[in-house]
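Peer 1: Got a structure for you, written out below as structure tokens; questions coming shortly.
The values are calculated or read from the model by the stated rules, or taken from the named source; none is laboratory data. Predicted, not measured: the structure shown is a model, and the values here were computed from it. Cβ sites come from the backbone with ideal geometry, for glycine too, and all protein chains shown count toward neighbours.
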Amino acid sequence: MLGEENTKKRKKGDDSDSDLEVVEDENNAEAELKCPIVGTLFEEPMKSKKCQHVFSKAGLDQWFRRGVRQCAVPGCRQKKLEKKDFEPDREMELKIERLVKREEKRKRRERQRAAEDSEDDLDCE
């Protein structure tokens, strides 16, 4: 799961995980939706059939134009990738769509609150 763990001091030999707290971090969640090559949200996400890592189509095109054939994810052992080793990743497309919709909804709420605050300020005058 995403996030960081906060641990309390444990007694020696206590292997209990009951005192671990997982904190959801939206920035980390969004980072998982970014292409490791170009650093932006996936556009036309493509998934490797060999190592399952995902990249934007444009990022892959850039990667292969440079003549690099190994996976762009640090620590991945795939050394011989070709364009034919990638396929569209519909699951990642859906994740991106959900993120964009959530972000649009959040911005609409902020604009609505700002408009309501402006109206309140005018009413007070």
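Peer 1: For segment 100-121, indicate whether the set of residues that are surrounded by 11 or more Cβ atoms within 10 Å (Cβ to Cβ), in contact with a helix residue (DSSP H, G or I) (Cβ under 8 Å, 6 or more places away or on another chain) and among the aliphatic types (A, V, I, L, M) is non-empty.
Peer 2: No - not one qualifying residue is present in segment 100-121.
Peer 1: Quick test of your reading of the structure: ARG98 fulfils all but one of (1) at pLDDT 95 or above; (2) within 15 Å of the chain's Cα centre (by Cα). Name the failing condition by number.
Peer 2: Unmet for ARG98, out of (1) at pLDDT 95 or above; (2) within 15 Å of the chain's Cα centre (by Cα): (1).
Peer 1: Mind listing whichever residues of segment 92-106 are in contact (Cβ under 8 Å) with a residue 40 or more places away in the chain and of a type in the set (Asp, Glu)?
Peer 2: GLU93
Peer 1: Could you count how many residues in segment 49-91 are free of Cβ contacts under 8 Å to residues at least 12 places away in the same chain, surrounded by 11 or more Cβ atoms within 10 Å (Cβ to Cβ) and outside any helix (DSSP H, G or I)?
Peer 2: Residues that pass the stated criteria total 3.
Peer 1: If you don't mind, another one. Here are some conditions: (1) outside any loop (DSSP other than H, G, I, E, B); (2) at pLDDT below 50; (3) touching a helix residue (DSSP H, G or I) at 6+ places or on another chain (Cβ under 7 Å). MET46 meets all but one. Which one does it not meet?
Peer 2: Answer for MET46: the failing condition is (2).
Peer 1: Quick one: which of VAL54, VAL38, VAL68 is out of contact with any strand residue (DSSP E or B) (no Cβ under 8 Å at 6 or more places or on another chain) and β-branched (Val, Ile, Thr)?
Peer 2: VAL68
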